[in-house]
Amino acid sequence: MRLLIMGPQGVGKGTQAALLAEHYNIPAISTGDIFRYNIKNKTPLGLEALKYTDKGELVPDELTNKIVKDRLAQDDAKNGWILDGYPRNAAQVEALDAILAELGTPLDKVVALDADHDVLMERIAKRAKIEGRSDDTPEAIAKRLETYAKETAPLLGIYRDRGQLVEVDGVGEIKEISANIIAKLDA
Ligand SMILES: Nc1ncnc2c1ncn2[C@@H]1O[C@H](COP(=O)(O)OP(=O)(O)OP(=O)(O)O)[C@@H](O)[C@H]1O
Ligand SMILES: [Mg+2]
């Protein structure tokens, strides 16, 4: 199973990706997590990414695309994967198409989660308190939500046109949402 999970900041992509990864026995790959790991360990990649993440800006496509390409070519991704946080703009959709064509591993489905703005703001505020992510400042959050609406949300139409979009309500019990996703994917 090769999946994307998409949706606005705070909708629960990471949480649901982990449950899907367990269910289908595939790795959950989050570009945000990869950047955070590198930032924490002060690698050259992390130092470069930090210039953008802290401002709530996208890391340049060239860098992000390369990371995804390398990660999807790793051994544990042979039997499938779930990608969280990528693609986020039209150029990344094109890059992903090229990567998957080269690997000969087409995408199966795109899970789109959604929730009302109020719910998202509440969850992000709660996460900011618990996790202390350096990019969960009000300014960076606002910037990320704006970029999502402008650049990422329109991408759902591309996958809908390809007949791959699976839309699920992101509000409810975590287990219930995950059961809904799996039921739709297996239908
Ligand atoms: N596909 C991408 N392209 C460019 N930059 C990215 C990409 N994915 C992650 N990043 C960078 O990493 C940061 C954190 O990403 P991440 O997906 O974890 O956060 P998010 O947008 O708050 O979503 P979530 O609420 O699901 O954690 C982004 O703000 C951006 O700077
Ligand atoms: Mg996340």
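The values are calculated or read from the model by the stated rules, or taken from the named source; none is laboratory data. Predicted model only: the values in this text are computed from it and were never measured. Please note: Cβ atoms are built from the backbone with ideal geometry, for glycine as well, and neighbour counts cover all protein chains shown. To get the accessible areas, we keep the full protein, side chains included, count just its heavy atoms, and leave off ligands, DNA and RNA. Shrake-Rupley method; radii C 1.70, N 1.55, O 1.52, S 1.80 Å.
Please enumerate the residues belonging to the stretch 79-89 that are closer than 26 Å to residue 57 by Cβ and open to solvent by 60 Å² or more (accessible area, probe 1.4 Å).
88
If only one of 21, 17, 28 is within 13 Å of ligand 1 (Cβ to nearest atom) and over 20 Å from residue 120 (Cα atoms), which one is it?
Residue meeting the stated conditions: 28.
Output the number of residues of the stretch 68-90 satisfying the condition of being within 9 Å of ligand 1 (Cβ to nearest atom) and assigned to a helix (DSSP H, G or I).
Qualifying residue count for the region: 1.
What are the pairs with Cβ atoms under 6 angstrom where one residue, in the stretch 142-157, is touching a residue at least 12 places away in the same chain (Cβ under 8 Å) and the other, located anywhere, is aliphatic (A, V, I, L, M)? Sequence gap at least six, or different chains.
Sorted first by the residue in the stretch 142-157, then by its partner, the pairs are 155/93; 156/112.
Name every residue in the stretch 42-54 that is under 17 Å from residue 132 (Cα atoms) and at pLDDT 95 or above, in order of residue number.
Once the filter is applied, which keeps residues that are under 17 Å from residue 132 (Cα atoms) and at pLDDT 95 or above, the stretch 42-54 yields 50, 53.
Going through 72, 107, 103 one at a time, which residue ends up being under 14 Å from residue 30 (Cα atoms) and either exposed (fewer than 15 other Cβ atoms within 10 Å of the Cβ) or within 15 Å of the chain's Cα centre (by Cα) (or both)?
Being under 14 Å from residue 30 (Cα atoms) and either exposed (fewer than 15 other Cβ atoms within 10 Å of the Cβ) or within 15 Å of the chain's Cα centre (by Cα) (or both) holds for just one of 72, 107, 103, which is 72.
Considering each of 162, 127 in turn, give the residue that is of a type in the set (D, E, K, R) and either in contact with a Gly (Cβ under 6 Å, 6 or more places away or on another chain) or closer than 22 Å to residue 33 by Cβ (or both).
Testing whether each residue is of a type in the set (D, E, K, R) and either in contact with a Gly (Cβ under 6 Å, 6 or more places away or on another chain) or closer than 22 Å to residue 33 by Cβ (or both) leaves just 127.
If residue 93 passes every condition in (1) within 12 Å of ligand 1 (Cβ to nearest atom); (2) open to solvent by 40 Å² or more (accessible area, probe 1.4 Å) but one, which one does it miss?
(2)
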